[in-house]
Amino acid sequence: MKDQIRHARTHVTRNEDLIFERSSPGKSGVDLSPLDVPAVPASEILGKEFYRAEIPGFPEVSELEVIRHFTRLSTWNYGVDTGLYPLGSCTMKYNPRINEVVARLEGLATDHPYAPAELAQGCLRVLYETAQCLKEITGMDAVSLQPAAGAQGELSGILMIQACLTDRGNPRKYILIPDSAHGTNPASVTTSGYQVRPLKSDTHGSIDLAELDRAMTEEVAGLMLTNPNTLGIFEVRIREICDLIHQRGGLVYMDGANMNALVGVARPAEFGVDVMHLNLHKTFTTPHGGGGPGSGPVAVRDFLEPYLPSPTIERAADGTYQLNDNRPKSIGRVRAFYGNFGMAVRALAYILANGGEGLLQTTQDAVLNANYVMQQLRDTYDLPYDEPCMHECVLSDRRQAVRGVHTGDIAKRLIDYGFHPYTTAFPLIVQGALMIEPTESASKEELDEFIEAMRAVAEEIEEDPEFVLKAPHATRISRLDEATAARRPVLRWKE
Amino acid sequence: MRYLPNSPGDRAEMLRTIGYSSLEDLFSQIPQAIRFQGRLNLPGPLSEQEILDFFRDAARQSSREYVSLLGAGAYSHFRPAAVDAMLSRGEFFTAYTPYQAELAQGTLQAMFEFQTLMAQLTGMEVSNASLYDGSTATTEAVLMALRLTRRNRVVVARTLHPEYREVMATYVRHLGTEIVEVPYSASGQLDMEELEQALKQETAAVVLQSPNFFGAIEPSGEIAELAHRSGALLVATVTEPLSLAVVKPPTDADIVAGEAQSFGVPVAFGGPYVGFLATREKFVRQMPGRLVGQTVDTQGRRGFVLTLATREQHIRREKATSNICTNQSLCALAATIYLCLLGKEGLKALAEQNLAKAHYAARQLQEVPGAAIPFTAPYFNEFVVKAPGKAEDVLRELRREKILGGVSLGPFYPELEDHLLVCVTETVDKATLDRMTGVYRQFANRTETGNGAKTAAPHAVGQEK
């Protein structure tokens, strides 16, 4: 099997220094327009106290050097454009090019957040229309696009629960979070001032109703769950779960990270969710950008609408759009201005491209692809929870760990076969998890190649585990020493 | 649907392989009662051309025909073509968080360069790989100061961006943190006497912005001394980081946070932007956000990895330093490319142009009867002007000249009604500035005549008597 490496995409390309090491005095990549007002002596105007003569160590390179530098760096990256990127829970789907074109249109890319509303009707309309679409998709009654990312959507949602329960007389102390949840959930809850009470999952990987019944006391403000959960399993008793929380005076928050499994199939408001966030960079194709910018709109039922972050965008009777910051019950601002507007442009372009039918087909393909991978790999890799999956599936390295090879090692070897790995070691409730989310953007052909590669790696582990432990073999650099990086951090270049 | 690669035949074959008879069957575990029975009522599907038409129409309803003198945390600077050319490489913008370092050396090295550039600009020892934006970066800096000092009181300059103060309030309300606001003095800078008073109680951090919301540059060294004397940390926020090419960075601060949108990131109606947070090496383990570190591979070759992740939510969960899961990688990349293009001399020359244009504008306006530059502190590319009349009227007149004349300060600072915050970057030419002054003059003349008539009338009556 080792010879397959010959077919792998190589990442071996030429070296590229840090930009600072390419610098030499007197060069610049920009020629400014001539100054058309009298120059002022900066050192005099700012005086000794404030004037800075130079920024030591700053780079000096020409435009071409900048282009070559970043072009070369880009070739060391793997993106959705490069190939299959089955990184579980991240929904690495295709980022349509038209999204990028419309987000850069003059007027949308150039309007200032403090431009008068009558001169920003286009931008306000985009925000308003995006919110309308997200309401329809989730079944919720109101949406704010202000949160900058999923984690900020979570925080906003939990703060709204807190504000609502405070108005009802008692904010309570705890939020229940299943042990399968993303790490941001407990971190956001802590940031809100609530304390986390973890909930053990049952043997099917779902919320244990008996456990929930015990945990849902009068001190508990609500439940924060992900549906489908991080195992890719739909919480089939979601209605009962939400009813129980509501009966005891709590509210239900849904992490919408996995909404790619549900669009057009089920609407969270209809199964009992009170507040949720969406990740525009997952479900709605805004690019992940190497780790941001994201966008985490928060959607709520009508009784939570007064608590939405301020300002909100409203449509007046005459059809014009206005910002409303007269919202006495609002949790306040979570970010300056109105959120990641540019991401709303892209998400709306994606929704428009699909329409309702296209989004449903997208969901079906995403779920089909995940089930296809799960069924084809379950004989080779352990399937800890044998349930039908939604948009992603979780396997484990139990059989390979016997040979000393773990999920992270298998991931590294997969790189040699030309694929971006799945998510390793998450969710935490599965020892040695392999979390695979192909998304609808993977073709059958590509999935077959991936499945073949996964099987080949499993065989290699049987034949020569050492070889897999030393992977990747086909990349520009080999495994990096993360321990030293953390022990003696070098976080910047120095002369 | 053009984005979907599976053909109907592929779907049928895949379903057969895994033992399902229809796509519907894949969802059979979802109880019928909670299945969505209808069809999503959404616009579309639209062709690419229709999408372009839709957004072109929206883009027309904008201020794109206007010259903008709006700043206040979002700055219109020229963006060299190379920035978008590089950002548009799919290897950059369609990649995710560089968890698999071997497949993400491009992003990782660029982020390491970003960290270096921000550290150099701010004069700090280390910077993170970016945060959401300036408002949340400032807030995260405050939360960091609360953790470091284990105190729960924050003294905030009233000249910190009003929306940043609002965001901070949202985040600390539930910690019971006391926020004390310190007013500004006649210079437009932080009132030092009031600050001293405010620091008589145990305080975690003093938070200032420099150049502040009025554009005034703060004496951060002096303020740091006062803060440190009382055991508080100094958090300095920078919303216009281009200033740092000619203005000394607040090196006496403990944390420098801010917004780097000025560096190649479009104004885009408020976002996405790119926050940053830089600090001293000794505080690095209390820092929020991602960090990229340099290391070596098994062959001793230099490479880069995400590091010190034990601070972060995916490892520490409820004990993490912050709930933030992402940085603003692509915007940070834009800033990195932009700063590399401009370089040491280019950035300085650009900053000097901004300085010159803003000072030219201010000096012209100062000459207009009824207008005034109320604050005396040194400023960079933004300043406050007292309008020769109602702010809204002046702005309306300027709009007729296709100029967005500034941010009206009344809504943020009631005592500054009829004052405008004016920002002049390199994108504004002299002719526009002269036209602006012309409008002010006309306005002043009219108001003078108007006022004259009003004041003259009783006199006349009196004289007649």
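The table below lists the values:
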| quantity | calculated |
| --- | --- |
| Of the criteria (1) more than 8 Å from chain B (Cβ to nearest Cβ); (2) over 30 Å from B:A72 (Cβ atoms), which one A:P34 fails | (2) |
| Residues being facing chain B (nearest Cβ under 7 Å), under 27 Å from the mean Cα position of the chain (by Cα) and surrounded by fewer than 20 Cβ atoms within 10 Å (Cβ to Cβ) - total across region A:480-489 | 4 |
| Residue within region B:361-377 that is in a helix (DSSP H, G or I), at negative phi and buried (at least 22 other Cβ atoms within 10 Å of the Cβ) present | yes |
| Residues satisfying the stated conditions in region A:101-142, i.e. under 26 Å from the mean Cα position of the chain (by Cα), assigned to a helix (DSSP H, G or I) and either free of Cβ contacts under 8 Å to residues at least 12 places away in the same chain or at the interface with another protein chain (Cβ under 7 Å from one of its Cβ atoms) (or both) | A:V101, A:V102, A:C123, A:R125, A:V126, A:Q132, A:C133, A:E136, A:I137 |
| Pairs, first closer than 20 Å to A:F20 by Cβ in region A:474-492, second aromatic (F, W, Y), C-beta under 8 Å, six or more apart | A:L491/B:F112; A:R492/B:F112 |
| Candidates B:R280, B:R290, B:R285, filtered to the one that is basic (K, R), closer than 30 Å to B:I223 by Cα and within 20 Å of the chain's Cα centre (by Cα) | B:R290 |
| Residue ID - surrounded by the fewest Cβ atoms within 10 Å (Cβ to Cβ), chosen from residues in region B:33-69 that are among the polar types (S, T, N, Q) and at the interface with another protein chain (Cβ under 7 Å from one of its Cβ atoms) | B:N41 |
| Residue among B:I324, B:I337 that alone is within 7 Å of chain A (Cβ to nearest Cβ), β-branched (V, I, T), buried (at least 22 other Cβ atoms within 10 Å of the Cβ) and assigned to a helix (DSSP H, G or I) | B:I337 |
| Evaluation of A:D386 against (1) within 13 Å of chain B (Cβ to nearest Cβ); (2) among the charged types (D, E, K, R); (3) in a helix (DSSP H, G or I) (one fails), failing number | (3) |
| Helices (runs of 4 or more DSSP H) contained entirely in region A:174-265, each with at least 1 residues that are assigned by TED's automatic domain parsing to the domain that holds A:D302 and at pLDDT below 95 | A:184-192 |
| Members of region A:426-467 found to be of a type outside the set (S, T, N, Q), part of a loop (DSSP other than H, G, I, E, B) and surrounded by 18 or more Cβ atoms within 10 Å (Cβ to Cβ), listed by number | A:F426, A:P427, A:I429, A:V430, A:G432, A:E437, A:P438, A:E440, A:A442 |
| Some residue of region B:24-32 being aromatic (F, W, Y) and more than 30 Å from A:C123 (Cβ to Cβ) | yes |
| Filter result (crowded, with 22+ Cβ neighbours inside 10 Å and among the aliphatic types (A, V, I, L, M)) within region B:70-81 | B:L70, B:A72, B:A74 |
| Any chance A:L46 is over 30 Å from B:D434 (Cβ atoms) and part of a helix (DSSP H, G or I) | no |
| Selection within region B:379-396 - crowded, with 24+ Cβ neighbours inside 10 Å and either touching a residue at least 60 places away in the same chain (Cβ under 8 Å) or hydrophobic (A, V, I, L, M, F, W, C) (or both) | B:Y379, B:F380, B:N381, B:E382, B:F383, B:V384, B:V385, B:A387, B:V394 |
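Yes/no per residue for (1) in the same structural domain as B:G270 (by TED's automatic domain parsing); (2) modelled with pLDDT of 95 or more; (3) touching a Lys or Arg at 6+ places or on another chain (Cβ under 6 Å):
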site: B:P43; (1), (2), (3): no, yes, no
site: B:I51; (1), (2), (3): no, yes, no
site: B:R56; (1), (2), (3): no, yes, no
site: B:Y66; (1), (2), (3): no, yes, yes
site: B:E91; (1), (2), (3): yes, yes, no
site: B:Q100; (1), (2), (3): yes, no, no
site: B:A110; (1), (2), (3): yes, yes, no
site: B:G123; (1), (2), (3): yes, yes, no
site: B:Y132; (1), (2), (3): yes, yes, no
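The values are calculated or read from the model by the stated rules, or taken from the named source; none is laboratory data. No experiment lies behind these values; they were computed from the predicted model shown. Cβ atoms come from the backbone with ideal geometry, glycine included; neighbour counts cover every protein chain shown.
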